[in-house]
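Asker: There's a structure below that I have some questions on.
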Amino acid sequence: MGKKYSINWENDAVVSVEVDGVQYESPDQIPDPEDRARVLSLMSGEPDMDFSLTASEPSALSKYIFLVFLAVAVLMLTISAITAVNAGRNLSREESAPGYVVELINRKDSTGREFSYPVVEFVLPDGSHKTVQLSEGYWPPAYEKGEPVTVLYDPQRPLTARIKSSSGTASRWTWSIITGILGVAFVIATLFARWIVNIKPDPVELQTLE
C-alpha cells in the first residue's frame, strides 16, 4: 500500500511534515532515508502542489529487450547442442593408425607469423598409404620430420586426418563451449531483464498542505 506524505507550509516556510500520519518538525527527523528523500524532493517543488506517483507499466523497450535476450539465449543454446552432437558423432567415427611426419610446411598468417603444418603418412587397414597435410598449424613447431605419431581419421574422409592429441580433441568442442557459455550468459541476462520488467513500484501519494 502507498504511503502518504504531507508538508505543512506557513508563509512559504515548512512548519511540519507527515509520513503516514506521523508528524515531524523537519525532514531531518524522519528515520527512513527513502521517506526523507521523497519529502525533500516534494519540498523542492511548488507549494500547494497536490499530485501522486503510481506504478507504471513496463515500457515497450523493456519488453523488447527481454524478448531479444530470450531469443539470443535460445539460439546460442541450440547451436551449442547441435555442434556438441556433431562433434560427438565425428569423434566416435574416428579410427587410429600409426604414422609419421614426412614433411613440415611453413606458412605465414595474415599477421606475418609463421606456422608449421605437419604432413603425415599413415597406413589404412587395407594396406594403402595416405599422405595428408594437416589443417592445424603450430608455432613453435610441435613435431619434427620423421617423428612417429598416432593419426586419427574418419574412414569416410581420410584426408581430414589429424594427429592424436588432447588439444586436438578439445578443439573439436570449441564452438560448443563458446556458444554454451554465451547461451548461459544470455539466460542470466534474460532472467535479469524479466525481473526488471516485472518490477512494479508501490504507488506513493504525495501531498503538500498550506
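Asker: Criterion first (farther than 30 Å from Thr131 by Cβ, at pLDDT 70 or above and exposed (fewer than 15 other Cβ atoms within 10 Å of the Cβ)) does Ile199 satisfy it?
Answerer: No.
Asker: How many residues does the stretch 164-191 contain that are touching a strand residue (DSSP E or B) at 6+ places or on another chain (Cβ under 8 Å) and not in a helix (DSSP H, G or I)?
Answerer: Total meeting the criteria: 1.
Asker: Do the conditions hold for Phe115, that is, is it under 30 Å from Ile181 (Cβ atoms), surrounded by 15 or more Cβ atoms within 10 Å (Cβ to Cβ) and free of Cβ contacts under 8 Å to residues at least 60 places away in the same chain?
Answerer: For Phe115, the condition - under 30 Å from Ile181 (Cβ atoms), surrounded by 15 or more Cβ atoms within 10 Å (Cβ to Cβ) and free of Cβ contacts under 8 Å to residues at least 60 places away in the same chain - is met.
Asker: I'm trying to understand the selection: among the residues of the stretch 120-132, which are among the aliphatic types (A, V, I, L, M) and surrounded by 15 or more Cβ atoms within 10 Å (Cβ to Cβ)?
Answerer: Val120, Val132
Asker: Test Ala97 against the criterion of being more than 33 Å from the chain's Cα centre (by Cα) and surrounded by 13 or more Cβ atoms within 10 Å (Cβ to Cβ), and give yes or no. Let's see the steps before the verdict.
Answerer: Details: more than 33 Å from the chain's Cα centre (by Cα): yes; surrounded by 13 or more Cβ atoms within 10 Å (Cβ to Cβ): yes.
Yes.
Asker: Here is a follow-up. Just give me the residues in the stretch 41-68 being surrounded by 14 or more Cβ atoms within 10 Å (Cβ to Cβ) and either of a type in the set (Asp, Glu) or modelled with pLDDT of 80 or more (or both), in sequence order.
Answerer: Val68
Asker: Have a look at Thr174, Thr160 and point out the one that is surrounded by 11 or more Cβ atoms within 10 Å (Cβ to Cβ), among the hydroxyl-bearing types (Ser, Thr, Tyr) and either more than 30 Å from Phe66 (Cα to Cα) or over 25 Å from the mean Cα position of the chain (by Cα) (or both).
Answerer: The match here is Thr160.
Asker: Six or more apart or on different chains, Cβ atoms under 9 Å: show the pairs whose first residue is in the stretch 1-30 and closer than 14 Å to Ser44 by Cβ and whose second is of a type in the set (Val, Ile, Thr) and in a loop (DSSP other than H, G, I, E, B).
Answerer: Val17/Ile30
Asker: Tell me, yes or no, whether the stretch 85-106 has at least one residue that is of a type in the set (S, T, N, Q), farther than 23 Å from Ala170 by Cβ and part of a loop (DSSP other than H, G, I, E, B). Quick ask: steps written out before the conclusion?
Answerer: Taking the stretch 85-106 and keeping what is of a type in the set (S, T, N, Q), we get 86, 90, 92, 96, 106.
From the residues that got through so far, the ones that are farther than 23 Å from Ala170 by Cβ too are 106.
Checking the rest, the ones that are also part of a loop (DSSP other than H, G, I, E, B) come to none.
No: the stretch 85-106 contains no residue that is of a type in the set (S, T, N, Q), farther than 23 Å from Ala170 by Cβ and part of a loop (DSSP other than H, G, I, E, B).
The values are calculated or read from the model by the stated rules, or taken from the named source; none is laboratory data. Just so you know, these numbers come straight off a predicted model, no measurement behind them. Methodologically, a virtual Cβ is constructed for each residue, glycine included, from the backbone with ideal geometry; neighbour enumeration extends over all protein chains shown.
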